[in-house]
Structure formats: C-alpha cells, structure tokens
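What follows is a set of notes on a single structure, which appears directly below.
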Amino acid sequence: MEKMFRKPFHSRKDEDTIKTLPLGLIHSDVISSMQTQTMSSYRYIIMCTNDYSRYTDVYFMKAKSEAPTKIKEYVAKVEKQHPKKRVCRIRVDGGGEYGSRENFLEYLTEEGIVRDILLTTTEWPLGEMQLLSNGSSTINAQACGNAKQTLG
C-alpha cells in the first residue's frame, strides 16, 4: 500500500519564483514587548523585511492599530524606490494586527498583494523577529542587523 501525499497550497516553483523578485515577498511582524515606551510615547515596533535582499525597515508606533498604515507607507516607499517592481506577497503571523482592519484587506486586494498568514513563527525572518523582541525592553541596532530605523 502506498502513502498518500497532500499537494502543497502553492507549488514550490511558484514560491521560489516569488523569492527571486526584488519585492516578491515581504515579511512583517508587530513587536509589542517594549515594556518601557520611548520619550515620544512609542510602545510598538513593526518590522518589514524584503525576502529578496533581507533588508529590514523598522517603524515605531504608539498603538497596534497603526500597523496597516505603516504597511501602506512601506509599500509606497519601496515601490517608489523600484518604479518597475510591485510588492506581490506579504507574509504575516496570525496575530491579527492586520486581519481585523477591513480597509487594509481591501487595500491589499486593490493593490493585488496576496496576504500569507503563518500559523507558527518558526520560518525566517518572522521567527527571528520574535527572537529579537523576546523579553527585551530595548532593541539595539546591532541586534537588528541591517535594520533601518525610521521614526513614523
């Protein structure tokens, strides 16, 4: 008797193709473990990592509800930097910072951006983002690697 195998939701070939595009896949996560807010009252961080270049942008937020706005800012910025490229897919964890905002889901649909939701944070870089924020009240530039800090 042979084993039955499930087909993946999308083929590995499609995934590999997306990863070879400069804006093909963007990973994003909201980090909320900052126990001490900054002098400007920022308590949350959102990180956006381009899977192709591994370049990470960091935005500071006062509330989690700012996450969709920061993603829109990020998409506008990177698409302006790369005029002939478009963000194809955004991968987020299942935290709900993005999914509970209907306007944000409409925005993704209008822009043709596919939203991937991970059930676990073990895949890079979401798992790495979680490790950066694990129990620390500050995030230093060395820990963030090539992160660019942008005050929003």
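The values are calculated or read from the model by the stated rules, or taken from the named source; none is laboratory data. All figures in this text were calculated on a predicted structure; none of them were measured in a lab. For neighbour counting, all protein chains shown are included, and Cβ atoms are generated from backbone atoms with ideal geometry for every residue, glycine included.
Checking the structure you have, find out if any residue of segment 67-82 is among the aromatic types (Phe, Trp, Tyr), within 12 Å of LEU23 (Cβ to Cβ), in contact with a strand residue (DSSP E or B) (Cβ under 9 Å, 6 or more places away or on another chain) and surrounded by fewer than 17 Cβ atoms within 10 Å (Cβ to Cβ). Scanning segment 67-82, I find no residue that is among the aromatic types (Phe, Trp, Tyr), within 12 Å of LEU23 (Cβ to Cβ), in contact with a strand residue (DSSP E or B) (Cβ under 9 Å, 6 or more places away or on another chain) and surrounded by fewer than 17 Cβ atoms within 10 Å (Cβ to Cβ), so the answer is no. Scanning segment 48-60 for residues that are assigned to a strand (DSSP E or B) and either aromatic (Phe, Trp, Tyr) or out of contact with any Cys (no Cβ under 8 Å at 6 or more places or on another chain) (or both) yields CYS48, THR49, ASN50, TYR59, PHE60.
In segment 98-115 there is no residue that is closer than 13 Å to ILE46 by Cα, surrounded by 13 or more Cβ atoms within 10 Å (Cβ to Cβ) and basic (Lys, Arg). For segment 73-92, filtering for residues that are under 28 Å from GLN35 (Cβ atoms) and of a type in the set (Lys, Arg) leaves 1. Filtering segment 41-66 to residues that are of a type in the set (Asp, Glu) and crowded, with 20+ Cβ neighbours inside 10 Å leaves ASP51, ASP57.
Among the residues making up segment 1-44, those that are among the small types (Gly, Ala, Ser) and at pLDDT below 75 are SER11, SER33.
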